[in-house]
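In what follows, a structure is listed as structure tokens, so that the remarks can point back to it.
Any read-out appearing in this document is the output of simple, stated calculations on the displayed coordinates, not a laboratory observation. For clarity, every value in this text was computed on a predicted model and none was experimentally measured. Here the Cβ positions follow ideal geometry from the backbone for every residue, glycine too, while neighbour counts run over all protein chains shown.
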Amino acid sequence: KKLGIALVGLGGYSTYQLAPALQDTEHCYLAGIVTGTPAKEQVWSDNYGIPKKNIYNYGNFDEIANNEDIDIVYVVLPNSMHADFSIRAAKAGKHVICEKPMAMNVAECDAIIDACKDAGVKLGMGYRLHSEPYTQEVKRLVKEKTFGKVNYVTAEAAYRSLGSPNQWRLDKKLSGGGALVNMGVYAIQSLIYGTGENPISVSAQEFSTRPKYFKETDETITAQFEFESGVVGNMMTSHNIRANRLFGSCERGWYELDPASTYIPLAGRTSNGELNFEQESQQKLQMDDFAKHILFDTPNLAPGEMGKRDMMIIAAIYASIKNGGAKQSLNFEPSYGFG
Ligand code: NAD
């Protein structure tokens, strides 16, 4: 059986990445849509053969509980709406995929996790890289200590934002933050799978060069992480600088992904030579992995706890900046995993 996915929010990511990827998935398919824009209903119905009974708006969304075609609800809305729709989806008895960043704060992450537990549904983050072969190779090299102990990791996840100053990503009420909550999540994730450890502390700095454009949200942030084993971690995220990379220096070699978190194909190399993996849609792999988790009880590669962990790190980074770069301790339960 293929599981039916309903996409909630038909913006850029749903339109250009998720819906096309769902045409190739093996264990799930695009069964429904939830949109606040009536004009999109017909277009999506025509493009993807979605029956009228599987089309919802934000008002009647809860009726999805009665729709057996829909197994998974994928929340692809502005960040401030993630918690509300993830919780409503869980209450409707649907498995949930929640886009990054998981929510606006840690309390909302807890509320999503609890709602999914109470409803007995699975919860996955839209962290596509965990299904991506270059990323999986870095995880393997680190776990198997192919180059010995990791001593240093640095990750950059950044782009230069030149779009409308009215976009929701620049509106703190809708986004919850700037570069850090958007691209910074990738840098944080990179440091964690690039070391195989959760951090034990973080210190951070903020830089602003275009205050008229970035009125409410952070433009550029750097942060330094400490890890139990002594690895030195460094990250940069920005909405004003172009960079996308993960580099790890190990006892007997190194690895590098550049780009490391885009969905144009990743590329990478190690001190042993070029990495060369087949390129497939990351979104296809990600949604199939989540469907397999539901169908065959394979591991959940990006569980809700991982999204919450990253939100705790985001909160610590903002707290450090607020306190002049003061070191913030982090203490994760083992159940938060290393991803
Ligand atoms: P987008 O701006 O292209 O689309 C947002 C959608 O939300 C639109 O369809 C819009 O109509 C709808 N919406 C509903 N209420 C809105 C409101 N009050 N203000 C603005 N839009 C509203 O955004 P996107 O790039 O598709 O991002 C959506 C989510 O997906 C975000 O959480 C983002 O972080 C995430 N995302 C993840 C990835 C990834 O690689 N995993 C990539 C892109 C986006």
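Quick notes on this structure:
- In degrees, nearest ten, helix 304-322 long axis to first principal axis of the chain (Cα): 50
- Test item: Cα-centred dipole of the range 3-126, Lys/Arg +1 and Asp/Glu -1 on Cβ, debye: 100
- Full extension of the segment from Val106 to Phe277, taken as 0.36 nm per residue of separation minus the current Cα-Cα distance, would add 58.0 nm.
- The residues packed around Pro334, meaning those with a beta-carbon under 15 Å from its beta-carbon, carry a net charge of -2 if Lys and Arg are +1 and Asp and Glu are -1.
- Sorted by Cβ density within 10 Å, fewest first, the residues Asp71, Asp62, Asp46: Asp46, Asp62, Asp71
- The Cβ shell under 12 Å around Met102 holds other residues with a net charge of -2, Lys and Arg each +1, Asp and Glu each -1.
- Backbone N within the range 156-189 under 11 Å of label point (7 Å from Lys327 Cα along the Cβ vector): none
- With respect to the chain, whose longest principal axis is taken over its alpha-carbon atoms, helix 82-91 is tilted by about 50°.
- Inter-probe distance in nm under a simple model that places probes 7 Å from Cα toward Cβ, at Asn166 and Glu144: 5.4
- Relative to the longest principal axis of the Cα atoms of the chain, the long axis of helix 38-48 makes an angle of roughly 90 degrees.
- Highest mean packing first, where packing is the average number of other Cβ atoms within 10 Å per residue, the peptides 164-171, 303-310, 185-192 line up as 185-192, 303-310, 164-171.
- Placing +1 on the Cβ of every Lys and Arg and -1 on the Cβ of every Asp and Glu, with nothing else charged, gives the chain a dipole about its Cα centre of roughly 560 debye.
- Along the axis of the charge dipole computed for the chain (Cβ charges of +1 for Lys and Arg, -1 for Asp and Glu, origin at the Cα centre), the listed residues Gly32, Thr154, Asn67 are led at the positive end by Thr154.
- Distance histogram for the chain (every C-alpha pair counted, 10 angstrom bins, percent rounded to whole numbers): 6, 26, 34, 25, 9, 1
- Short-range pairs are left out: with C-alpha atoms under 8 Å and at least six residues apart, the relative contact order of the range 1-132 is 22 percent.
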